[in-house]
Amino acid sequence: MENNIFLQVEKTYQFMKDVFIELGISEEDAGICADVLIASDLRGIKSHGIGRLKMYYDRIKAGLINPKTDIEIIKDKKSVAVWDGKHSMGHVVAKKAMQTAIDKAQKYGLGSVAVRNSTHFGIAGYYPLMAIQNNMIGMAVTNARPSVAPTFSYEPIFGTNPIAFSAPSDMEFPFLFDAATSIIQRGKVEVYNRKKVDIPGEWIIDNNGDFLKNPGEIIKKLLNKNAALLPIGGLGETDGGHKGYGLAILVEILSAALQNGSYLDDLSGIKDGKNTYHQLGHFFLAINIDFYTDIDDFKKIVGNIMRKLKNSKKLSKEQEIFVAGEKEFYKGPEIKKSGIQINPGLQQNLKIIQDELKIKTKIL
Ligand SMILES: NC(=O)c1ccc[n+]([C@@H]2O[C@H](COP(=O)([O-])OP(=O)(O)OC[C@H]3O[C@@H](n4cnc5c(N)ncnc54)[C@H](O)[C@@H]3O)[C@@H](O)[C@H]2O)c1
């Protein structure tokens, strides 16, 4: 703990924006990328904020992400659009796609955009929250490079495929479920690795089905396909592993099949032994509540559901009952005050970027 430092939020945002600009991204797009990353840190999601900057830095430098946004509209028919992201920054493609879905929902009641050939877009929850600003339901899903095994397999053949769904409520915060369909996602393994702490649960297996605990070993084995993350519910069917597996494939289908995109092991970023584009697919949906019912009635019902859940009988007096989106909503003000915690492993990564790109906004 003693070697951790805390970075001021504004400065961290500016640092990330400067890094993206130095990497050849336009000022406007760099602002979008930095905003999605800082939103993750402000929600207390350490795996997808500044902790992920080095991944984007490495991929842009390696030519695996196109810093210049280049979106091709493949189809655009009333409430539906299909885009090709041409390996541009996923955050920028995703933000524009969600905005288009919202614009379509304004006009048609529903709006959806399916995207192929995109890149890692950060936290999925950022995009449905844009729908909330417009009194709409929002949903975003994406496939990801393979790291998870199907029930009864040890082969990491599909990604951590997150689902993010948000609905406005009359509470202080909207309902926002935003999580991977695997028990643990890759970014959290990296967080354990930077902290040099073993993985606590039975969440990751090797090719013999034995549980792995050492995050450094897991990261190497995941790259060589000698380890696999488990879907929500874990190993086998006993604890419902098949349900997490099913949800992940729901995401895979929405993220690949609707846009004639790549899927499963074609997203590994490796072809014929060489690094290549990840070719990710995303799917965004906006639902205009106003076309269905009165917005205030809707918010009240969602709020009532959330309040009832929160007031359900507690297993233990000390433990608070939460609803999805709640903890992260209240993290923001705390983190703005305390700053963003950066452990020594992350400090090292950021120092490399700061020095190599000669970034003016010094954070270390
Ligand atoms: N882009 C990608 O490829 C990719 C892949 C995987 C995950 N992610 C992102 O990583 C982030 C973290 O994912 P994760 O799987 O580690 O999430 P997680 O396991 O931390 O679960 C988070 C979700 O659970 C809710 N939650 C937490 N405690 C709760 C409680 N006690 N009661 C009710 N709800 C509760 C949260 O509000 C949130 O909606 C997400 O933002 C996700 O989109 C991105």
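Quick note: the coordinates plus some simple rules give every number you see, no bench work behind them. Predicted model, so just to flag it, every value in this text is computed and none were measured. Glycine gets a Cβ as well: all are built from the backbone with ideal geometry, and neighbour counts include every protein chain shown.
Tabulated values for the structure
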item: Stretch gain in nm, segment Ile219-Lys61, where the contour uses 0.36 nm per residue and the Cα spacing is subtracted; result: 54.8 nm
item: For the range 18-110: rounded, prolate or oblate by the Cα gyration tensor [a/c cutoff 1.5]; result: oblate
item: Cα-projected label distance for Lys300 with Phe6, points at 7 Å along beta-carbon direction, nm; result: 4.2 nm
item: Surface/4 of the Cα convex hull for the chain, nm²; result: 18.8 nm²
item: Segments 197-206, 308-317 sorted - mean Cβ within 10 Å per residue, highest first; result: 197-206, 308-317
item: Relative contact order of the chain, defined on C-alpha pairs under 8 angstrom at six or more residues apart (%); result: 23 percent
item: Computed over the range 74-186: relative contact order in percent, which uses C-alpha pairs under 8 Å that are six or more apart; result: 19 percent
item: Taking the C-alpha atoms of the range 122-252, convex hull volume expressed per residue in Å³; result: 115 Å³
item: Nearest-0.05 FRET efficiency for Lys243 and Thr293, computed from C-beta distance (R0 30 Å); result: 0.50
item: Residue pairs, from the table Lys17/Lys336; Lys17/Lys107; Lys225/Lys362; Lys86/Lys196; Lys54/Lys331, whose Cα atoms sit over 29 Å apart; result: Lys17/Lys107; Lys225/Lys362; Lys86/Lys196
item: Value of Rg/Rh across the range 248-364 [Cα atoms, Kirkwood radius]; result: 1.11
item: Residue-span extension gain [Leu250 to Lys107] - 0.36 nm each, minus C-alpha spacing; result: 48.8 nm
item: Label-zone membership for the range 218-246, site Asp206, 7 angstrom Cα→C-beta point, backbone N under 14 Å; result: 218-222, 224-228
item: Surrounding net charge for Ile21, when Lys and Arg each add one and Asp and Glu each subtract one, Cβ distance under 15 Å; result: -2
item: Peptide ranges 22-32, 253-263, 290-300 listed from the most packed, as the mean C-beta count within 10 angstrom indicates; result: 253-263, 22-32, 290-300
item: Most to least packed among 112-119, 357-364 [average Cβ atoms within 10 Å]; result: 112-119, 357-364
item: Spin-label zone in the range 59-78 - amide nitrogen under 14 Å from a point set 7 Å from the Cα of Thr276 along the C-beta vector; result: 64
item: MRE, 222 nm, helices only [DSSP H, n ≥ 4, -39500 (n - 2.57), over the chain, to nearest 500]; result: -12500 deg cm²/dmol
item: The range 131-184: relative contact order as a whole-number percent, Cα under 8 Å and 6+ apart; result: 32 percent
item: Alpha-carbon Rg/Rh ratio, for the range 305-364, with Rh computed the Kirkwood way; result: 1.27
item: Sites Glu27 and Lys196, calculated FRET efficiency, Cβ-Cβ separation with R0 30 Å, nearest 0.05; result: 0.20
